[in-house]
């Protein structure tokens with residue numbers, strides 16, 4: 001588990017939003033980290049379900065980006081586990097997946113993910129979806 005602070009917002013009064021990125025592929029994590037840091041987010045990284053749960057127990061992020069094809073426990077199983085915990089149930093989960101077959105989106109959303117983006121990820125769409133979910137959760141608070 002690795003936390004990377006985004007420097008653009010350190011001087012601002014508002015605390016940067018924390019996003020947990022659960023992705024086993026280093027290159028994918030790096031691309032997402034660079035994009036999110038450029039937008040002022042603090043990025044916490046996990047490569048599998050074990051690291052993700054440890055990170056959640058340590059500090060609750062405002063949003064989770066999660067690959068569905070994780071080693072060990074799948075992203076779908078992990079999403080169900082996260083949503084079953086009352087402390088984490090309200091954290092938006094955006095699934096990132098190469099699974100784009102008929103029925104995949106519905107199955108992933110049914111597992112507890114709040115949104116779904118198929119790989120390769122369109123960075124502009126990713127940022128828009130993150131901002132939409134963060135605004136929605138802020139309005140619900």
When the chain is reduced to its Cα atoms, the Kirkwood hydrodynamic radius in Å: 15.0
Mean separation of Cα contacts under 8 Å, 6 or more apart, over the residue count of the chain: relative contact order %: 20
Pairwise FRET efficiency - residue 73 versus residue 128, Cβ, R0 = 41 Å, nearest 0.05: 0.90
Length gained when the stretch residue 24-residue 80 is fully extended (0.36 nm per residue, less Cα-Cα span): 18.3 nm
Backbone N within the range 116-141 under 13 Å of label point (7 Å from residue 60 Cα along the Cβ vector): 138, 141
Three-way shape label, the range 30-110, alpha-carbon gyration tensor, a/c 1.5: oblate
Antiparallel content of DSSP bridges confined to the chain, in %, to 5: 15
Crossing angle, helix 49-58 versus the chain [Cα axis fit, 0-90 degrees, rounded to tens]: 40
Helix-derived mean residue ellipticity, 222 nm - over the chain, DSSP H n ≥ 4, -39500 (n - 2.57), to 500: -12500 deg cm²/dmol
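Every read-out reported here was derived from the displayed coordinates using simple, explicitly stated rules and does not represent laboratory data. This one's a predicted model, so the numbers in the text were calculated from it and none came from an experiment. Neighbour counts run over all protein chains shown; Cβ positions are idealised from the backbone, glycine included.
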